[in-house]
1. Contact list please: Cβ distance under 9 Å, first residue in the stretch 24-53 and without any contact (Cβ under 8 Å) to a residue 24 or more places away in the chain and more than 15 Å from I234 (Cα to Cα), second residue aliphatic (A, V, I, L, M) and surrounded by fewer than 17 Cβ atoms within 10 Å (Cβ to Cβ), pairs at least six apart or on different chains.
2. Restricting to the stretch 126-160, count the residues that are closer than 20 Å to L206 by Cβ and modelled with pLDDT of 95 or more.
3. Can you tell me which residue is nearest to I196 (Cα to Cα) among those in the stretch 16-39 that are among the small types (G, A, S) and either in contact with a helix residue (DSSP H, G or I) (Cβ under 9 Å, 6 or more places away or on another chain) or not in a strand (DSSP E or B) (or both)?
4. Considering only residues that are of a type in the set (V, I, T), farther than 18 Å from I184 by Cβ and assigned to a strand (DSSP E or B), which ones fall in the stretch 102-132?
5. Which members of the stretch 133-143 meet the condition of being farther than 25 Å from T154 by Cβ, in contact (Cβ under 8 Å) with a residue 12 or more places away in the chain and not in a loop (DSSP other than H, G, I, E, B)?
6. Please determine, by comparing only the residues of the stretch 202-237 that are out of contact with any Leu (no Cβ under 8 Å at 6 or more places or on another chain) and of a type in the set (F, W, Y), which one is surrounded by the most Cβ atoms within 10 Å (Cβ to Cβ).
7. State all residues of the stretch 172-189 that are touching a residue at least 40 places away in the same chain (Cβ under 8 Å), surrounded by 14 or more Cβ atoms within 10 Å (Cβ to Cβ) and β-branched (V, I, T); if no residue qualifies, say none.
8. Given the condition modelled with pLDDT under 95, within 19 Å of the chain's Cα centre (by Cα) and over 27 Å from K19 (Cα atoms), answer yes or no: does some residue in the stretch 217-229 qualify?
Amino acid sequence: MKPFLLICITATICFSQEKPIKVIPLTVAVKQAYVDRPGDLYIEFAFGAIQKFDVDGKLIKEYTPPEKLSLFEPRDGARAFSYSKKSNWYSYSFFGSLSKKTINPEFAINPVLACSSGDKNLWVLDKADISLKKLNTDRSTIDVEFRLPEQFHTTNIEEITMREYQNFLFVLDPHSGLYIFNAIGILIKTLEVRGISYFNFLGEELYYPDNGKLIFYDLFDTKTREITLDPKVIFVLMTDLRIYKVYPDRAEILIVHP
């Protein structure tokens, strides 16, 4: 059995049995929650602020960007990625002085979203022609460009979110599902799940909430498994060490035992 599966199965067993090691009170509405590669927790609030907690629930930093973000990726924690549609800027710095860059109109006429690709590049969603473009920031070139499937042409394109992981690009339309593209823009899988508010990754698995369950989908052998969720929980994030459960009024941190 692959090591990451051992971790996942253990996490599944502990999910409903363990008491939290830390409960973080939340007094304002939560917009989104994230984990970075080292396993720290980020909570983004509806008014724009983002708080970062370590694996034991200690508040490390709090930051309010100059504008509400259209997309945030904590990545490795040191070089978090941010994008704001309002002023069309992106940055790989966070919790300090932002080094902001804009997307040149020659690459995207009407950019509405961008996410990171590797350490320097980015995927840009262009509303003008409903296309995705992979921008090579070193060479100032478009390495990959493709139009999104027909169903995206009738949806509210600004509700889409996306993220690159293990050379796949994941594009979520909350009204029609989660679409998985390979590195050159070929659609390889559509998960027809509607109304989901987030997705994340654990090793080789994609996971997302669906109808009261957390669904795990193996990116390589396509097998699935599931965990029943507390109906009151709004976000569940998992690492090899911790399970983070975010409720409207609190966040709970649980240990994953080896």
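The values are calculated or read from the model by the stated rules, or taken from the named source; none is laboratory data. Only a predicted model underlies this, so the values are computations on that prediction, with no experimental measurement involved. Here the Cβ is made from the backbone with ideal geometry for all residues, glycine too, and neighbour counts use every protein chain on show.
1. Final answer for the pair search is F47/V28; F47/A29; A49/V28; Q51/L59; Q51/I60.
2. 1
3. So the residue we want is A29.
4. T102, V112
5. Across the stretch 133-143, the qualifying residues are L135, N136, I142, D143.
6. Filtering the stretch 202-237 for residues that are out of contact with any Leu (no Cβ under 8 Å at 6 or more places or on another chain) and of a type in the set (F, W, Y), the one surrounded by the most Cβ atoms within 10 Å (Cβ to Cβ) comes out as F235.
7. None; the set is empty.
8. no
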